[in-house]
Amino acid sequence: MVELLVVVAMLGILASLLLPTLARTKERARRVGCVSNLRQLGVALQMYAHDDRLQSLSGKTDSEDQNLNWLYSGCLENVKAFLCPSTRN
């Protein structure tokens, strides 16, 4: 019976050492997801800016295309792309 209690105690100690490591790994995975979302948004903006003949994202003030509805059709439908998975509120 004592041996069983010792084994259970050792498993409890090992589990208590392992849980913080798992929490850090989970947070790191969330950060990777956030960086991936930001990268994909940046690539989408670069592709649009490269293909846009009116150069509406170039910073010009006389651009005829001030309408950014293209962003709504692809990105804004999925609001999660703009939120980091670690965001609490």
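The values are calculated or read from the model by the stated rules, or taken from the named source; none is laboratory data. Model, not experiment: these values are computed from the prediction. Note that each Cβ is placed from the backbone with ideal geometry, even for glycine, and that neighbours are counted across all protein chains shown. Surface accessibility is based on the protein's heavy atoms, side chains included, excluding ligands, DNA and RNA. Shrake-Rupley method; radii C 1.70, N 1.55, O 1.52, S 1.80 Å.
Does Glu64 count as exposed (fewer than 10 other Cβ atoms within 10 Å of the Cβ) and modelled with pLDDT of 80 or more?
No: the conditions fail for Glu64.
Is one or more of the residues making up region 46-61 surrounded by 11 or more Cβ atoms within 10 Å (Cβ to Cβ), under 15 Å from the mean Cα position of the chain (by Cα) and at pLDDT 75 or above?
There is no residue in region 46-61 that is surrounded by 11 or more Cβ atoms within 10 Å (Cβ to Cβ), under 15 Å from the mean Cα position of the chain (by Cα) and at pLDDT 75 or above.
Consider region 6-48. How many of its residues are touching a residue at least 12 places away in the same chain (Cβ under 8 Å), among the hydrophobic types (A, V, I, L, M, F, W, C) and farther than 24 Å from Arg88 by Cα?
Total meeting the criteria: 2.
Restricting attention to region 25-39, report how many residues are farther than 12 Å from Cys84 by Cβ and open to solvent by 100 Å² or more (accessible area, probe 1.4 Å).
3
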